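The values are calculated or read from the model by the stated rules, or taken from the named source; none is laboratory data. The structure displayed is predicted, hence computed values, not measured ones. Protein only, heavy atoms only, side chains kept; ligands, DNA and RNA dropped before computing areas. Shrake-Rupley method; radii C 1.70, N 1.55, O 1.52, S 1.80 Å.
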Amino acid sequence: MKSSPGARSWIAAGVRHELLTRALPALRHDMAAPVSVVRMALLMLKRQVAATPIDPAACEERVALIDNQVSELVQAIRSLRDWELATTDDGITRSALVAQCVNLMRSAFDLHGVMLDADPSLDAQEGEPRRPAAAALRYLFLGALGYLHDGAAEAGAIRVEADGPDALRFVALPREPGAVNPVLDAHRAPRALAIDAIALQNLAEDMGYAIAVDGDSVRFSLATG
């Protein structure tokens, strides 16, 4: 029995939820770090205010630090809107997409003995075009990483490469003998919600992107259609 378009949309929504859940630890860290700095700065400010005589310059420095960290916290909270497909965004460059997603998932993949490696050709360049629908591209990028992480059991690294001017290619590279601590590797048990080829294809189709899965490699275009 074939699934209806509505059912396929629900499946894609479930895949996006799983990907967001995997990214949440990094997002929480980005919001918790400024809070820790603010708490420490407030403690120091209380001590300086209670001191005799009060050092206005030191107090001003602490207030400036708190103001800066509150701004970072507000920015991190606002960035949660970047994950909403219904929100109109101003697009994203290919290099920014790669940098954001690799930074989000690097720590989690490292814990499983899988290194994320972006080709230097994907570094920021002047005059890069912006691709529309940054949120959709972010989910698709994380979906490709998740598929290779979950499906390529012997992968020691995932390499992200440019594939022409308007596409990305992800390749799972074999693990080098003895490169992974067996204690960490033991925790790579299959997830109940693994991102398989069907889930990844469903996600791409629901958002209007073409994706090609070929064993331990994935390619997708940054343009819809």
### Query
So how many Å³ per residue does the convex hull of the Cα atoms of the chain work out to?
178
### Summary
For the chain, the longest principal axis of the Cα atoms and the Cα long axis of helix 5-50 enclose an angle in degrees, to the nearest 10, of 20
### Message
Tell me the angle of helix 197-207 to the major Cα principal axis of the chain, expressed in degrees between 0 and 90 and rounded to the nearest ten.
### Response
70
### Task
Give the carbon-plus-sulfur fraction of the accessible surface of the chain in %, rounded to a whole number; probe 1.4 Å, heavy atoms of protein chains only.
59
### Summary
As a Kirkwood estimate from alpha-carbon pairs, region 94-221 has a hydrodynamic radius in angstrom of 15.1
### Query
Rounded to the nearest 10 Å², what accessible area does Leu45 show when all protein chains are kept and the probe is 1.4 Å?
30
#### Entry: Helical mean residue ellipticity (222 nm; -39500 (n - 2.57) per DSSP H run of 4+; nearest 500) of the chain
-18500 deg cm²/dmol
### Summary
Longest principal axis of the chain (C-alpha) makes with the long axis of helix 94-111 (C-alpha) an angle, in degrees to the nearest 10, of 80
### Task
Compare Glu128, Glu161, Glu61 in a GNM of the chain, Cα atoms joined below 10 Å, and give the one with the largest fluctuation.
Glu61
### Task
Apply the Debye scattering formula to region 5-82, with a single equal point scatterer on each alpha-carbon and no solvent, then give log10 I(q)/I(0) at q = 0.13, 0.16, 0.19 Å⁻¹.
-0.56, -0.70, -0.83
### Query
Can you tell me the accessible area per residue over the chain, all protein chains present, probe 1.4 angstrom, in square angstrom?
58
